[in-house]
1. Does residue 162 satisfy being at pLDDT below 75 and within 16 Å of residue 51 (Cα to Cα)?
2. Looking at the stretch 124-140, is at least one residue at pLDDT below 85 and out of contact with any His (no Cβ under 9 Å at 6 or more places or on another chain)?
3. For the stretch 59-76, state whether one or more residues are under 28 Å from residue 174 (Cα atoms), among the aliphatic types (A, V, I, L, M) and open to solvent by less than 30 Å² (accessible area, probe 1.4 Å).
4. In the stretch 95-142, how many are open to solvent by 30 Å² or more (accessible area, probe 1.4 Å) and within 11 Å of the chain's Cα centre (by Cα)?
5. In this structure, is residue 76 over 30 Å from residue 31 (Cβ atoms), modelled with pLDDT under 75 and under 16 Å from the mean Cα position of the chain (by Cα)?
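The values are calculated or read from the model by the stated rules, or taken from the named source; none is laboratory data. Model, not experiment: these values are computed from the prediction. Counting neighbours? That spans all protein chains shown, and the Cβs are built from the backbone with ideal geometry, glycine included. Areas reflect the complete protein model, heavy atoms only, side chains present, ligands, DNA and RNA absent. Shrake-Rupley method; radii C 1.70, N 1.55, O 1.52, S 1.80 Å.
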Amino acid sequence: MGIIFIETGLLFPFLPGDSLIFTAALLSGALGLPLPLLITGVAVAAIVGDSVGYAIGRRFGKRLFTPGARVFKARYLERADAFFAMYGAQSLVLARFVPVIRTFVPPVVGMSSMPYRRFLLWNAVGGAAWSLLLSAAGFYLGRIPAIADNVDIIAVGIVVVSLIPIAITVIRERRADKNDRGREAATEADHE
């Protein structure tokens with residue numbers, strides 16, 4: 001639950017929230033963790049995290065996102081803003097299921113004119129749906145004997161697979177940063 005909060009509330013997009021929820025539900029029987037408690041805890045962490053993200057966007061706005069930033073890159077803001085523009089308030093529900101986007105949509109909405117009460121409604125719907133769907137998928141797949149007998153391998157596999165998009169994003173970001181630096185150097189050379 002702490003990681004779910006950190007991913008959205010503290011704007012740290014590279015945590016594997018989806019796979020953690022799925023794996024926790026998959027292992028809930030072995031851990032003695034009641035599924036309703038897991039679903040509720042994850043939903044609360046997600047909703048509170050997004051509310052903090054909204055508050056950060058409202059308070060600090062675009063000053064937070066700069067082209068040269070390591071985490072709060074301007075292009076993340078542009079992607080989240082485009083996502084929000086395309087889907088409107090429902091983007092809060094849809095963004096829950098899209099890694100990285102789910103981290104940056106709440107601050108973008110906080111920078112928008114959407115009132116907090118409307119944000120909170122869609123935030124709660126998205127957080128509850130995300131928690132319920134991922135937890136139920138993990139829980140019920142964990143009841144299949146072939147999966148239950150190989151839970152340790154599957155849990156490691158889920159974490160590895162969930163890290164692939166993160167690795168791809170990091171590689172793309174480094175390439176984009178390198179290309180940006182190359183263009184800046186070329187522009188400076190042209191001016192000289």
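1. no
2. no
3. Yes, because at least one residue in the stretch 59-76 is under 28 Å from residue 174 (Cα atoms), among the aliphatic types (A, V, I, L, M) and open to solvent by less than 30 Å² (accessible area, probe 1.4 Å).
4. The total comes to 3.
5. yes
One line per residue, one yes/no per condition, for (1) modelled with pLDDT of 90 or more; (2) under 12 Å from the mean Cα position of the chain (by Cα); (3) surrounded by fewer than 17 Cβ atoms within 10 Å (Cβ to Cβ):
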site: 23; (1), (2), (3): no, no, no
site: 26; (1), (2), (3): no, no, no
site: 36; (1), (2), (3): yes, no, yes
site: 42; (1), (2), (3): yes, no, no
site: 50; (1), (2), (3): yes, yes, no
site: 56; (1), (2), (3): no, no, no
